[in-house]
Amino acid sequence: MSAGDLAFEDRMATVEFRVAPEAHITVDGDSCRGCTTQECVTACPANLFVPTADGGILFNYEQCFECGTCYLVCNRAGAISWHYPEGGCGVVYRWS
Ligand code: SF4
Ligand code: SF4
């Protein structure tokens, strides 16, 4: 089986998350309101950005891959604050 054949749930099962007590990414809901493109929703490989019915965004940092894509694709200054989790926390990639 190639990596492309893996289901999303199977991909997520190949990583472990050591959740830090403080979020390493925060999303400013006020900045997001009225964002019509919502690049973060489609770009995040972990599906952590969820649009709400009122035009906002729900975000949960706990299963973040730390790839930085959301920070790069968001075109609103200040909407996303991003830094790596504190030492020993965050994503742990496994080989099997
Ligand atoms: S995080 Fe950026 S791209 Fe995503 S909804 Fe907010 S402003 Fe738009
Ligand atoms: S850093 Fe990557 S995995 Fe984490 S929230 Fe942003 S796009 Fe998603």
Being near ligand 2 (Cβ under 10 Å from one of its atoms) and under 8 Å from the mean Cα position of the chain (by Cα), is that true of even one residue in region 72-85?
no
Do we have Y84 as modelled with pLDDT of 95 or more and either among the small types (G, A, S) or within 16 Å of ligand 1 (Cβ to nearest atom) (or both) here?
no
Please list, ordered by first then second residue, the pairs with beta carbon atoms under 7 Å, 6 or more apart or interchain, first in region 27-42 and under 17 Å from A53 (Cβ atoms) and assigned to a loop (DSSP other than H, G, I, E, B), second more than 15 Å from ligand 2 (Cβ to nearest atom) and of a type outside the set (D, E, K, R).
R33/G55; R33/G56; G34/G55
Modelled with pLDDT under 95, hydrophobic (A, V, I, L, M, F, W, C) and either within 16 Å of the chain's Cα centre (by Cα) or more than 7 Å from ligand 2 (Cβ to nearest atom) (or both): is that true of C35 in this structure?
yes
Hey, can you tell me all the residues within region 13-50 that are more than 8 Å from ligand 1 (Cβ to nearest atom) and either of a type in the set (D, E) or buried (at least 16 other Cβ atoms within 10 Å of the Cβ) (or both)?
E16, F17, A20, E22, A23, H24, I25, D30, C44, A46, L48
Could you identify the single residue in C44, C67 that is among the hydrophobic types (A, V, I, L, M, F, W, C) and out of contact with any Ser or Thr (no Cβ under 9 Å at 6 or more places or on another chain)?
C67
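The values are calculated or read from the model by the stated rules, or taken from the named source; none is laboratory data. Owing to the predicted nature of the structure, the values given are computational and were not obtained by experimental measurement. Cβ coordinates were reconstructed from backbone atoms using ideal geometry, including for glycine residues, and neighbour counts include every protein chain displayed.
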